[in-house]
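Here the structure is laid out as structure tokens; the discussion comes afterwards.
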Amino acid sequence: MAPSGESHSIFVVQQTFRTVRRGYDPDEVDRHLELVAEMFRSSRDMQLQRDLQRREGELRHEVDAAKLEAEATLEGARLKASADTAAGEAALRSARSEAERIVEAARAEAAARVAAARGEGEAAG
């Protein structure tokens, strides 16, 4: 695993150098090392920010897809309910029509029996 920006930063700041008569100004070196350490920290922070922005985009996309799917499911349910209602209404009309036909047939049969019974009654009487 590659060292993180934080571990690089700590390594840079905690590095010590021996002091010699010739060389660089220790305060200047310390300031430079602090700047380098800050660059490591900033780099890590920027990467975290990019990762968070990427994840936020992914989550937004997932939410949009779920919303679209829910809307499509709802529309499908509305269409099915409408079709079921229409089929129920058609079945009810058909049942009423059939009931009227049966009632008319029963009335006609009853009238025929009444007429037949009268005819038998008149013939007997």
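The values are calculated or read from the model by the stated rules, or taken from the named source; none is laboratory data. Treat the numbers as computed from the prediction; the structure is a model and nothing was measured. Glycine gets a Cβ as well: all are built from the backbone with ideal geometry, and neighbour counts include every protein chain shown. These accessible areas exclude ligands, DNA and RNA; they are computed on the full protein's heavy atoms, side chains included. Shrake-Rupley method; radii C 1.70, N 1.55, O 1.52, S 1.80 Å.
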Give me a count of the residues in region 73-88 that are of a type in the set (D, E, K, R) and either modelled with pLDDT under 95 or open to solvent by 100 Å² or more (accessible area, probe 1.4 Å) (or both). 2
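Can you name every residue in region 29-44 that is aliphatic (A, V, I, L, M) and either touching a residue at least 12 places away in the same chain (Cβ under 8 Å) or touching a strand residue (DSSP E or B) at 6+ places or on another chain (Cβ under 8 Å) (or both)? Break it down into steps so the answer makes sense when it comes.
Taking region 29-44 as the starting set, the residues that turn out to be aliphatic (A, V, I, L, M) are 29, 33, 35-37, 39.
Of everything in region 29-44, those that are aliphatic (A, V, I, L, M) and either touching a residue at least 12 places away in the same chain (Cβ under 8 Å) or touching a strand residue (DSSP E or B) at 6+ places or on another chain (Cβ under 8 Å) (or both) turn out to be Val29, Leu33, Val36, Ala37.
Picking from Ala70, Ala117, which residue would you name as being under 24 Å from the mean Cα position of the chain (by Cα) and open to solvent by less than 100 Å² (accessible area, probe 1.4 Å)? Steps first, answer last, please.
Details: Ala117 fails: under 24 Å from the mean Cα position of the chain (by Cα).
Exactly one of Ala70, Ala117 is under 24 Å from the mean Cα position of the chain (by Cα) and open to solvent by less than 100 Å² (accessible area, probe 1.4 Å), namely Ala70.
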Matching residues in region 31-59 (open to solvent by 80 Å² or more (accessible area, probe 1.4 Å) and more than 30 Å from Thr16 (Cβ to Cβ)) number 7
